[in-house]
């Protein structure tokens, strides 16, 4: 039964909370003096001390040396705890010894000597970001709000720690300077529309030059300029300007599309006319050359057989002439009743129109006369040609 339980309270005063009776029986609570004494003896054995008396907290020389040893042990543990450190794969550490650069430590378990040494440990692979937004004056004296984000990382931890007191503050100030310079050299239209990408590139290059001149050990990886906008007080006017610019661009695109459709068509027609003219020229020249060659060959044949050639020329000429006329020439001898067939159906259709000649003797008599005249003319021309030779 617990010492404070209700019931028989006659022996309550003789019990203690440690389960024993006062003055005898079981032992009391743990003896703290005995624990301190054992710890002192252990430290004395470690540091070469001797056992003096039975009181662990006595005022002798042994007690003072034991407390001093405990303090040294605690300080040694704390110093060792601070002196050993671990550098991760993505980190580096710069060690300063007596305020002067000593070394740059890579990943792994390392050891240094505080307070003689001082350690600066940073992540050198993680990309950090800095955002800024402000009103900028453009080249054409307009005010626009330009928000941007700068992404950067530490490229040289030694320069990052030693060369600049507050590298990130220097980065912010350099970013504002670079942004104002580039925005002041750019028109408002370019900042609001298609010029943001080029502007971001210019800001990154100028900002990196600033950081390199300061030797901050910081590398800018990317500068993102978000959609710039005009101040809210004049936003409606700027919206009207943007809509007008879009209408202008649309009209320009339509005009270019029309020009791209008309100009090639006109060029095609011109080229077709040129090709037709060249074809007609070649045709005429070729026909003229052919007629000349035919005439030369005919002349040679005429010198060989004049009579036959004259007769052949006469027949070819008459065929060409009569095939183009609408009259029908009927020849025959007198006293003969020949049945003449005329294609009346074709003549009615208009394909062939014929007018028969009833004067057979006159037609018969006129044909030899025409042939004789042609033959006489050819003989006279031939004779004149020979006399001229």
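Computed from the coordinates by the stated procedures, all read-outs in this text should not be read as laboratory data. These figures come from a predicted structure and were not determined experimentally. Note that we place each Cβ from the backbone using ideal geometry, even for glycine, and neighbour counts take in every protein chain shown.
Each peptide in 270-283, 297-310, 171-184, 140-153 was scored by the mean count of other Cβ atoms within 10 Å over its residues; highest first, the order is 171-184, 140-153, 297-310, 270-283. A protection proxy built from the mean count of other Cβ atoms within 10 Å ranks the segments 188-197, 127-136, 256-265, most packed first, as 188-197, 127-136, 256-265. Note on region 205-327: Cα-only Rg and Dmax are 41.0, 116 Å.
Enclosing the Cα atoms of region 180-277 in their convex hull gives a volume equal to 170 cubic angstrom per residue. Each peptide in 72-81, 89-98 receives the mean, over its residues, of other Cβ atoms within 10 Å, and ordering these scores from highest gives 89-98, 72-81.
With only the Cα atoms considered, region 246-304 has a convex hull volume of 29 Å³ per residue.
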